[in-house]
1. Could you work out how much longer the chain between residue 1 and residue 45 gets when fully extended? Use 0.36 nm per residue separation minus the Cα distance between them, nm to one decimal.
2. Just subtract the alpha-carbon distance of residue 15 and residue 61 from 0.36 nm times their residue separation and send over the number in nm, one decimal.
């Protein structure tokens, strides 16, 4: 991996380096190699990370469901050609008086 420093801008080159290392996963691997992690502890950490991913996914699914419901309500058209009988005092039929 090569990082070029342009215009003596060391901080920018360092940011680029860190970003590339993070994308490749080298920083995570280096952190995990700092100290020994037993199999049981690794299993617990993996379960915790999986639970966190699952909860994050559930939030996204719930947001999408709510968005779809709002769109359906917004796009819902009112019913047309519905027969409504006239029930006002002035709209009723005249009754036949003997």
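1. Details: separation 44, 0.36 × 44 = 15.84 nm, distance 3.04 nm.
Length gained, residue 1 through residue 45: 12.8 nm.
2. Values: separation 46, 0.36 × 46 = 16.56 nm, distance 3.33 nm.
Length difference between fully extended and current span is 13.2 nm.
Throughout, read-outs are computed from the coordinates displayed, never taken from laboratory work. The model shown is predicted, which means the values in this text are computed figures rather than measured ones.
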